[in-house]
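Below is one structure. I have some questions about it.
The values are calculated or read from the model by the stated rules, or taken from the named source; none is laboratory data. Note that the coordinates shown come from a computational prediction; the quantities given were computed from them, not determined experimentally. Note that each Cβ is placed from the backbone with ideal geometry, even for glycine, and that neighbours are counted across all protein chains shown. The protein model used for the area step is the full one, side chains on, heavy atoms only, and it has no ligands, DNA or RNA in it. Shrake-Rupley method; radii C 1.70, N 1.55, O 1.52, S 1.80 Å.
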Amino acid sequence: MNYEIGQIPNRTQKPRQNGFTMAMDKGLSNREAEDFLSVAGPYVDIVKLGWATSYVTPNLDQKLEIYRAANIPVYFGGTLFEAFIVRNRFDDYRRILDKYKMQYAEVSDGSIDMPHDQKCEYIRQLAGQVTVLSEVGSKDADKIIPPYKWIALMKAEMEAGSWKVIGEAREGGNVGLFRSTGEVRSGLVEEILTQIPSERIIWEAPQKSQQVWFIKLLGSNVNLGNIAPNEVIPLETIRLGLRGDTFSDFLDAAAETK
Amino acid sequence: MNYEIGQIPNRTQKPRQNGFTMAMDKGLSNREAEDFLSVAGPYVDIVKLGWATSYVTPNLDQKLEIYRAANIPVYFGGTLFEAFIVRNRFDDYRRILDKYKMQYAEVSDGSIDMPHDQKCEYIRQLAGQVTVLSEVGSKDADKIIPPYKWIALMKAEMEAGSWKVIGEAREGGNVGLFRSTGEVRSGLVEEILTQIPSERIIWEAPQKSQQVWFIKLLGSNVNLGNIAPNEVIPLETIRLGLRGDTFSDFLDAAAETK
Amino acid sequence: MNYEIGQIPNRTQKPRQNGFTMAMDKGLSNREAEDFLSVAGPYVDIVKLGWATSYVTPNLDQKLEIYRAANIPVYFGGTLFEAFIVRNRFDDYRRILDKYKMQYAEVSDGSIDMPHDQKCEYIRQLAGQVTVLSEVGSKDADKIIPPYKWIALMKAEMEAGSWKVIGEAREGGNVGLFRSTGEVRSGLVEEILTQIPSERIIWEAPQKSQQVWFIKLLGSNVNLGNIAPNEVIPLETIRLGLRGDTFSDFLDAAAETK
């Protein structure tokens, strides 16, 4: 840090299992990716190339190289996986992961209907090739999954080999974990937490109010995802109690850690 | 494209008459314009320097050169035209188009009242100098133009020499074609389409939900405008059925084109 | 300007006491700061490093150097001041201002409760070291300060040595001067203006509709703050009557100044 303030909550260090920030790159240029890393590099743990944007960005090879040089893992958004599955081309997807030397992959069913056994089988197979993140929740705002089912899905996916499970929110933060207004389905989150350890979950939380809500509930070192590149620094200040929203939340706790 | 997925809808190629993406530059730096083109270049067909931003951006000459070198046509937003007209300086406007070697110009009346005969006369005169885009719709949310009049205005402007007519939405997507909430005036759009060929229209659609609506109605190769630079890649994935919003819309059609 | 339009309202020149634009940098990279200045440099008067972002951005020294080279003053957001005060480390804060050769500082109490005498004492002390901006208004949407009290606070802070007083809005424009919807508390603003000269106030106004409202009320040369870097050019066009929103507001006035 640039200077000493004192009474700052402890943050986990890289490689983080907890306190993890996943950022979403939806088409950055090489120079924009470099700029992003030059300020947010210490605070971002993994980058998702949103949905299937990797298919159309002309600079894919170079950008992967930029993230690799900065030691930031990258993965393709789950919608790309689904695009291959719906075309019955899972093997081609696996070859593409190899071609681009990907070390992480997402398995999701946000845009297609897939028997959950089959999803878990994909997780199992991919877990032999890469580190798997799997996502629970639909991209369709009308498909409400009850809490007990979120829990069952998450458990089964972790048993199948998922490193972490992601709670769906999309880029907008208006489905899955959230109502269409962006409000957190707090009952859902709290019920999930009775059964699944928080460090195994990445909560997609693109809106500031959503990030604040999770940090107030679970502390500085909650795993958050779908953070826009230019919001990684603001998020870090919220985690540290250095923005108005969490200004008073960590003072006592931080004092105790001194 | 970076890899093969299969069953991707056919996209028109440049120079496109249909399937056209017009992006809005509201003050990019030279380097930002280069970055934008380095990823979105293949997908952007024309760039508008929004309203009169060209008057105040210090880097105008250099930026025009950057777009020219990338073979991306540029035009000044219609509000600049109107600023000259309201000051009774049409000839000065024509000289400025020449000075900057502009090959396109927009004629609009979104901020001023102008007899439509006069607007068509400006179109006629400018069409001898440049390729003209003309815009229909007010920037004033309270001025509702009924559908039959949209059609009459568009027809007259095309007869006067407009290459394409633009449906107004502003940067925000909350006037003209849209209600103040951003919702599409779907009856208006559908009525326009009974009389005007879709390829002659550029629909300003800055919000994702608006882009999705038009793509679902008119297919991958609808002309869309006022796209923010960092939304050109996301838009392209929506056109290709590779984002959740249109994931299932093109699978059958694409299969048939194989 | 790039070309002549005519009948453009007079804008004050740097160093401006009025017609002032304060931009918010919440974590720009060095190159992004350079890009920002390359287009907005002539129009931005001062840059705030939002809240305590300066604590976590790795490029602080270099970025300060970039702004310094461009002759743009910079200050740390008031939340950083408050973070030191709540930890009882005011002297450390003063040393940090010296360490980074800051020539401006903000004194605020948006996130903490502080007796107003004490706030004024901080202003008094800091005014011996730097130029002080002080901010009135809470970051808590539920803390409504009545107009007469805004006036009393502003007067006392100016007497204590504040160069200008800032009306709070946050990055979102949804507290302090504004309702949670972003609507201006117009009665509050108008009452303040009966007692405090407009040129002593910087109105935080991040949303376009808020900027338009103040420019319509107070003219092109109103002091506005919390402007996002990529909104400085758009704001300048609104000040000049060259965007739809203020297109008709300055035509007569400008004609008279010719």
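Would you please name the residue that is nearest to B:E159 (Cα to Cα), looking only at residues in the range B:94-114 that are open to solvent by less than 20 Å² (accessible area, probe 1.4 Å) and in contact with a Gly (Cβ under 7 Å, 6 or more places away or on another chain)?
Here is the first cut: in the range B:94-114, the residues open to solvent by less than 20 Å² (accessible area, probe 1.4 Å) are B:96-97, B:100, B:102, B:105-108, B:110.
Okay, now just the ones that are also in contact with a Gly (Cβ under 7 Å, 6 or more places away or on another chain), so B:106-108, B:110.
Working: B:E106: 15, B:V107: 14, B:S108: 15, B:G110: 20 Å.
Among residues in the range B:94-114 that are open to solvent by less than 20 Å² (accessible area, probe 1.4 Å) and in contact with a Gly (Cβ under 7 Å, 6 or more places away or on another chain), the one nearest to B:E159 (Cα to Cα) is B:V107.
Restrict the check to the range A:233-242 and report whether at least one residue is touching a Leu at 6+ places or on another chain (Cβ under 9 Å), open to solvent by 30 Å² or more (accessible area, probe 1.4 Å), among the basic types (K, R) and within 18 Å of C:G27 (Cβ to Cβ).
Looking for residues that are touching a Leu at 6+ places or on another chain (Cβ under 9 Å), open to solvent by 30 Å² or more (accessible area, probe 1.4 Å), among the basic types (K, R) and within 18 Å of C:G27 (Cβ to Cβ), one finds none in the range A:233-242, hence no.
Look at the range A:121-138 and say how many of its residues are open to solvent by 10 Å² or more (accessible area, probe 1.4 Å), part of a helix (DSSP H, G or I) and not small (G, A, S).
4
Across the range C:94-114, which residue is farthest from C:K139 (Cα to Cα) among those that are under 21 Å from the mean Cα position of the chain (by Cα) and at the interface with chain A (Cβ under 9 Å from one of its Cβ atoms)?
C:Y100
A further question follows. For the range A:3-37, name all the residues that are among the polar types (S, T, N, Q) and either within 14 Å of chain B (Cβ to nearest Cβ) or open to solvent by less than 30 Å² (accessible area, probe 1.4 Å) (or both).
Within the range A:3-37, A:T21, A:S29, A:N30 qualify.
Pairs under 6 Å by beta carbon, first residue in contact (Cβ under 8 Å) with a residue 12 or more places away in the chain and closer than 18 Å to A:V212 by Cα in the range A:15-26, partner open to solvent by less than 10 Å² (accessible area, probe 1.4 Å) and part of a loop (DSSP other than H, G, I, E, B), six or more apart or different chains?
A:F20/A:N223; A:T21/A:V44; A:A23/A:V44
Kindly indicate the residue of the range B:150-174 that is open to solvent by less than 40 Å² (accessible area, probe 1.4 Å), among the aliphatic types (A, V, I, L, M) and over 15 Å from the mean Cα position of the chain (by Cα) and also farthest from B:W213 (Cα to Cα) among those meeting that condition. Steps first, please.
First pass over the range B:150-174, keeping only residues open to solvent by less than 40 Å² (accessible area, probe 1.4 Å): B:150-151, B:153-154, B:156-158, B:160-162, B:164-170, B:172-173.
With the extra rule that they be among the aliphatic types (A, V, I, L, M), the set shrinks to B:151, B:153-154, B:156, B:158, B:160, B:165-166, B:169.
Checking which are over 15 Å from the mean Cα position of the chain (by Cα) leaves us with B:151, B:153, B:156, B:158, B:160.
Details: B:I151: 20, B:L153: 24, B:A156: 27, B:M158: 25, B:A160: 30 Å.
Among those that are open to solvent by less than 40 Å² (accessible area, probe 1.4 Å), among the aliphatic types (A, V, I, L, M) and over 15 Å from the mean Cα position of the chain (by Cα), it is B:A160.
Residue check: is B:G219 closer than 21 Å to B:P15 by Cβ and in contact with a Phe, Trp or Tyr (Cβ under 7 Å, 6 or more places away or on another chain)? Don't jump to the end; show me each part of the working.
Working: closer than 21 Å to B:P15 by Cβ: yes; in contact with a Phe, Trp or Tyr (Cβ under 7 Å, 6 or more places away or on another chain): no.
For B:G219, the condition - closer than 21 Å to B:P15 by Cβ and in contact with a Phe, Trp or Tyr (Cβ under 7 Å, 6 or more places away or on another chain) - is not met.
Run down A:D91, A:D117 and say which single residue is over 18 Å from the mean Cα position of the chain (by Cα), within 14 Å of another protein chain (Cβ to nearest Cβ) and either surrounded by fewer than 18 Cβ atoms within 10 Å (Cβ to Cβ) or on the phi < 0 side of the Ramachandran plot (or both).
Values: A:D117 fails: within 14 Å of another protein chain (Cβ to nearest Cβ).
Going through A:D91, A:D117 in turn, the sole match is A:D91.
Among the listed residues C:E191, C:E199, which satisfies the condition of being in contact with a Phe, Trp or Tyr (Cβ under 8 Å, 6 or more places away or on another chain), in a helix (DSSP H, G or I) and not aliphatic (A, V, I, L, M)?
On inspection, the qualifying residue turns out to be C:E191.
Further question: For residues in the range B:217-253 being under 25 Å from B:P197 (Cβ atoms), assigned to a helix (DSSP H, G or I) and modelled with pLDDT of 95 or more, which is nearest to the other protein chains (Cβ to nearest Cβ)?
Among those residues, the one meeting the criterion is B:E236.
Table: residues versus (1) at the interface with chain B (Cβ under 10 Å from one of its Cβ atoms); (2) closer than 22 Å to B:I238 by Cα; (3) open to solvent by less than 10 Å² (accessible area, probe 1.4 Å); (4) touching a residue at least 12 places away in the same chain (Cβ under 8 Å).
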| site | (1), (2), (3), (4) |
| --- | --- |
| A:L49 | no, yes, yes, yes |
| A:A69 | no, no, no, no |
| A:P73 | no, no, no, yes |
| A:G77 | yes, yes, yes, yes |
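Filter the range C:205-216 for residues that are open to solvent by 40 Å² or more (accessible area, probe 1.4 Å) and part of a helix (DSSP H, G or I) and give the result.
The initial filter retains those residues of the range C:205-216 that are open to solvent by 40 Å² or more (accessible area, probe 1.4 Å), namely C:207-209, C:213, C:216.
Answer for the range C:205-216, where residues must be open to solvent by 40 Å² or more (accessible area, probe 1.4 Å) and part of a helix (DSSP H, G or I): C:K208, C:S209, C:W213, C:K216.
Here is a follow-up. Determine, yes or no, whether B:K143 is modelled with pLDDT under 95, closer than 30 Å to B:I66 by Cβ and open to solvent by 30 Å² or more (accessible area, probe 1.4 Å).
Here the answer is no, as B:K143 does not meet what is asked.
Shifting gears a bit: Does C:A152 meet the test of being assigned to a helix (DSSP H, G or I) and in contact with a His (Cβ under 8 Å, 6 or more places away or on another chain)? Give the derivation first.
On the way: assigned to a helix (DSSP H, G or I): yes; in contact with a His (Cβ under 8 Å, 6 or more places away or on another chain): no.
No: the conditions fail for C:A152.
Also: Please identify the pairs in which a residue from the range A:152-164 that is at negative phi has its Cβ atom under 9 Å from the Cβ atom of a residue that is aromatic (F, W, Y), counting only partners at least 6 apart or on another chain.
Qualifying pairs under 9 Å: A:A160/A:Y122; A:W163/A:Y104; A:K164/A:F20.
Another one. Since B:D45 meets every condition but one in (1) within 14 Å of chain C (Cβ to nearest Cβ); (2) of a type in the set (D, E); (3) under 28 Å from B:G161 (Cβ atoms), which condition does it not meet?
Going through (1) within 14 Å of chain C (Cβ to nearest Cβ); (2) of a type in the set (D, E); (3) under 28 Å from B:G161 (Cβ atoms) one by one, B:D45 breaks only (1).
If you don't mind, another one. Does C:K63 qualify as being more than 16 Å from the chain's Cα centre (by Cα), surrounded by fewer than 24 Cβ atoms within 10 Å (Cβ to Cβ) and either more than 10 Å from chain A (Cβ to nearest Cβ) or at negative phi (or both)? If you could, list the steps in order and put the result at the bottom.
On the way: more than 16 Å from the chain's Cα centre (by Cα): yes; surrounded by fewer than 24 Cβ atoms within 10 Å (Cβ to Cβ): no; either more than 10 Å from chain A (Cβ to nearest Cβ) or at negative phi (or both): yes.
Taking the combined requirement at face value, the residue does not satisfy it.
Sticking with this one: Kindly indicate which of A:T194, A:T181 is open to solvent by 10 Å² or more (accessible area, probe 1.4 Å) and within 28 Å of A:A52 (Cα to Cα).
A:T181
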